[in-house]
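Report on the following structure.
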Amino acid sequence: MTDFQVAYIPIGVPTFHLESAQKEFEKSVKVISSFTNSGVYPDKMLLSLEDLCEFADRISPHLLILQNITFANSAYASEILKRFDCPVLLWTLREPAIDGGRLRLNSLTGAYSAANAMAELGDRSFEYLYGSPEEEEVKRQLSVCIRAAEVLHSMNSLKMAAIGHTPQGFGFGRALDLELLKVFGVTLESIEARELIGMAKNYKEEECLPYLEEASRRMCGLEKTPAENRMGFARLYKAYKEYVSAHGIGALASRCWPDFFTSYGTPVCSVLSLLNDEHIAASCEADIYGALSMYIGMELSGQAVFFGDPVSLDESENTLTYWHCGMAACSLASEKTGACVGVHPNRKIGPCQDFGCKECEAVTVFRIGRKPDGSFRFFLLNGSALPKAKQFTGTSVVVKTDSPVKEVVTRSVKAGFEPHFVVIYQDVRAELTALGNMLGIEILEY
């Protein structure tokens, strides 16, 4: 796969005020460069179709920033659109002066011309930006669009793994390999859980000791887990890490119950926890789209995300509690407790993570949902993570939602969303919206 590339395309004609246009050109290059090291820029403004074609011959963009440096007719945009099939950010410059004199740029009319061409040439969704390079809102939107395009590009090289099948009644987590490839550009491979269990059982104990030592440094109280289960966990951790490394896996969805209790005797929960801290998005209950949601959240925030069920709401606090059996990343644990180790709430076997998650001023709750007709949608909800102790045995995070919590729950239940959600420790709602637009996916904001 080629390296990520953002192409700045400043189109115009030489009959407008070029001194003003040149200033905007230089400021635009500077501001784009402040958000990415992957930008490619022409040496000069592209004021003819010949200049445009010469520059287009030298680029392979994954995001086009198409800017009307002055007015340009639709032939300019059409030339770009027929060459490249990638996301487009259409940027209109604000007029530098309104003084009763000459119209300096006429960028806005050019934007209408370009957008009309996009509409006529097919269903080409695009992001739109209005304003001068020095404006804070312009900078924010540039950053959002570039980050979203980076994630979109990264998915084209993402290899996911389905480890085992979803349990009965959890079919919402299943995914077809060709569907993932077509919609998200993601490759999916599958392996039976018993194969990794078999790998784990065949390791010698001394081979697994470094994995146990590593886990002990990150988890609090692992030594209290019975020796047999500690070693079973270390064997499983080694098996998963070696599989992930050997196959180039960037995200995985693992079967967990009942196999790892009945056929192996030790849960996989803490293995998934550690993988998430190693930037390998790992969901449980074999939820493929849950794992992909985790991957996107991790790419945007640069840190582990929480994966779990919505289990309790409190109207008086306007909070919604997300919980799972015990596979949250250690880095998400409250600083007051650290990543405490316990047992699985139902099976009473450890090690599983057992803590409340840390607070965060701004979080985004996210889910890639699959509708009955096979199309996709994004669930988006903003709020804050409160400094709450664990709510139930396992791991939990309490989110104070920006919207009325009962309304959020009622609407999302009636909409038929899946019961697994991702809590991202950063406000990335704008980036997820841009990503959804780039993928042509419906956005549902709560």
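Taking the alpha carbon gyration tensor of the range 1-149, multiplying each eigenvalue by 5 and rooting it gives semi-axes of 22, 18, 15 Å, largest first. D427 exposes around 80 Å² of accessible area when a 1.4 Å probe is run over every protein chain in place. The simple Förster model, with R0 at 22 Å and r as the Cβ-Cβ distance, assigns L49 and E95 a FRET efficiency of 0.35. Extension gain for the segment H165 to E278, taken as residue separation times 0.36 nm less the Cα-Cα distance, is 38.3 nm to one decimal.
Applying a DSSP loop filter and a limit of 12 other Cβ atoms within 10 Å to the trypsin sites (Lys or Arg not before Pro) in the range 5-105 leaves K44, R58, R102.
Shape analysis of the chain based on the Cα gyration tensor places the equivalent ellipsoid semi-axes at 47, 23, 19 Å, largest first.
The Cα-based radius of gyration and maximum Cα-Cα distance (Dmax) for the range 121-220 are 22.0, 63 Å. Considering only A97, A253, A193, the Gaussian network model of the chain with Cα springs below 10 Å gives its largest mean-square fluctuation to A97. Taking every protein chain into account, the accessible area of the range 289-446 amounts to 36 square angstrom per residue (probe 1.4 Å).
Cross-link reach is defined here as a Cα-Cα straight distance under 26 Å, omitting same-chain residues fewer than 8 places apart; for K30 the lysines meeting it are K44, K139. Nonpolar atom fraction for the chain, defined as the carbon and sulfur part of the 1.4 Å probe accessible area, stands at 50 percent.
Counting only aspartates and glutamates at least 8 places from K201 when in the same chain, those with an alpha carbon closer than 18 Å to its own are E192, E228, E242, D259. Only beta bridges with both residues in the chain are counted; by DSSP, about 45 percent of them are antiparallel.
Could you tell me the convex hull volume per residue, in Å³, taken over the Cα atoms of the range 1-80? Kindly include the intermediate steps, with their values, before the conclusion.
Values: hull volume 6.6 nm³, N = 80.
Roughly 82 Å³ of hull volume per residue.
Using the Cβ-Cβ distance between F35 and L103 with R0 = 22 Å, the FRET efficiency computed as 1/(1 + (r/R0)^6) comes to roughly 0.15. Placing +1 on the Cβ of every Lys and Arg and -1 on the Cβ of every Asp and Glu, with no other charges, gives the range 14-86 a dipole of roughly 220 debye about its Cα centre. Legend: translational diffusion of the range 297-397 by Stokes-Einstein, Rh = Kirkwood radius over C-alpha pairs, 20 °C, 1.002 mPa s; D = 148 µm²/s. Given K241/K336; K159/K371; K27/K182; K238/K390; K224/K336; K336/K414, which pairs have Cα atoms separated by over 26 Å? Too far apart for the 26 Å limit: K241/K336; K27/K182; K238/K390; K336/K414.
With R₀ fixed at 45 Å, the C-beta to C-beta distance from S245 to E136 puts the FRET efficiency at about 0.60.
The values are calculated or read from the model by the stated rules, or taken from the named source; none is laboratory data. Keep in mind that what you see is a predicted model, and the values were worked out from it rather than measured. Backbone-built Cβ (ideal geometry, glycine too); neighbour counts: all protein chains shown. When the accessible area is computed, the model is the full protein with side chains, heavy atoms only, and any ligands, DNA or RNA have been set aside. Shrake-Rupley method; radii C 1.70, N 1.55, O 1.52, S 1.80 Å.
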